[in-house]
Structures are given as C-alpha cells and as structure tokens.
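Take a look at the structure below.
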Amino acid sequence: MVLVACGPYTTSDSIAYDPLADLVEVICRDRPDVCVLFGPFLDAKHEQVENCQLLGSFAEVFKLCMKTIIEGTRSAGSQLVFVPSLRDVHHDYVYPQPPFLYPELPKDDKPRVHFVSDPCTLDVD
C-alpha cells in the first residue's frame, strides 16, 4: 500500500500542524508500506510565516515537523519519502530542488526515511 499526501500540513489560520497529527494517526492505523509526503512542510504563503509570527526560526519549525512525522510513524514501520516544494520557506528556492538536509535523523530511522529531490524518480518495489 502506498499513501501519498501533499502539504501544507497546517490549517490556514494556525501553524499548529493539526492536519499533520491526523495524518500521522492514519499512517499508524493503516500501516502503509510507503508514504510519499510532498511539501510544503512550512508554507511560505502561510499568514503567520508572512507576518513573522512564528515562535522559532523556519529551520526549527521544519525540524519539529520532521520529528513529529518520523517519531510518530516509527511503530508503523512505513518507508517515508519526503519531497520538497518550492513553497518550503526554509529550503532552496531553485529548481530542480535538492533533497532536504536533516542531520538529526536518528540512526535507527535511516533505513526507512528517504529525502529526495524535486523532481525525482521513485521506484517502489
């Protein structure tokens, strides 16, 4: 089973990532083999981003988002594929986009977490 989701993973009036929490619950419940998650993970067009109303830097908010997804889906064992968007405010605004850098990725999660470029070719099985 392949699950595909596309950001933003927040509501238009809040940066609380409630839709992301719902997605993590679905992944844990359905246990897909592969989850392809397209950005934006922190949307440059979000009102709170445009008005500089975040409590941390763009990179810190992105890292918290990644941590939520990776740790929240660990029990499901799903392969996670992260694809950047041109609207990811913390990432390079060039096309083609390089993969995200996430050096904080725990060693145990490295076999199941994949950061790819945009565009990319993904061969599943």
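The values are calculated or read from the model by the stated rules, or taken from the named source; none is laboratory data. Remember, it's a predicted structure, so these values are computed and weren't measured experimentally. Cβ atoms come from the backbone with ideal geometry, glycine included; neighbour counts cover every protein chain shown. The area values use the complete protein model at the heavy-atom level, side chains included, leaving out ligands, DNA and RNA. Shrake-Rupley method; radii C 1.70, N 1.55, O 1.52, S 1.80 Å.
Applying the criterion of being assigned to a helix (DSSP H, G or I) and hydroxyl-bearing (S, T, Y) to the residues of segment 52-95, the residue that is surrounded by the most Cβ atoms within 10 Å (Cβ to Cβ) is T68.
Of all residues in segment 77-125, those satisfying the criterion of being at pLDDT below 95 and in contact with a helix residue (DSSP H, G or I) (Cβ under 6 Å, 6 or more places away or on another chain) are V89, H90, Y102.
Is there a residue being under 19 Å from L3 (Cβ atoms) and modelled with pLDDT of 90 or more anywhere in segment 49-62? No.
Are any residues in segment 1-51 more than 22 Å from L80 (Cα to Cα) and of a type outside the set (K, R), and if so, which ones?
Scanning segment 1-51 gives T11, S12, D13, S14, I15, A44, H46, E47, Q48, V49, E50, N51.
Residue check: Q53 meets all listed conditions (1) more than 14 Å from the chain's Cα centre (by Cα); (2) within 26 Å of D123 (Cβ to Cβ); (3) not hydrophobic (A, V, I, L, M, F, W, C) but one, namely (2). Looking across segment 96-107, the residues that are open to solvent by 80 Å² or more (accessible area, probe 1.4 Å) and either hydrophobic (A, V, I, L, M, F, W, C) or in a loop (DSSP other than H, G, I, E, B) (or both) come down to P96, L101, P103, E104. The number of residues in segment 9-24 that are open to solvent by 60 Å² or more (accessible area, probe 1.4 Å) and closer than 22 Å to A76 by Cβ comes to 2.
Taken together, the residues in segment 64-114 that are farther than 15 Å from G7 by Cβ and within 10 Å of the chain's Cα centre (by Cα) amount to 2.
Considered as a group, the residues in segment 25-46 that are touching a helix residue (DSSP H, G or I) at 6+ places or on another chain (Cβ under 9 Å), closer than 20 Å to A59 by Cα and part of a loop (DSSP other than H, G, I, E, B) include one that is most open to solvent (accessible area, probe 1.4 Å), and that residue is A44.
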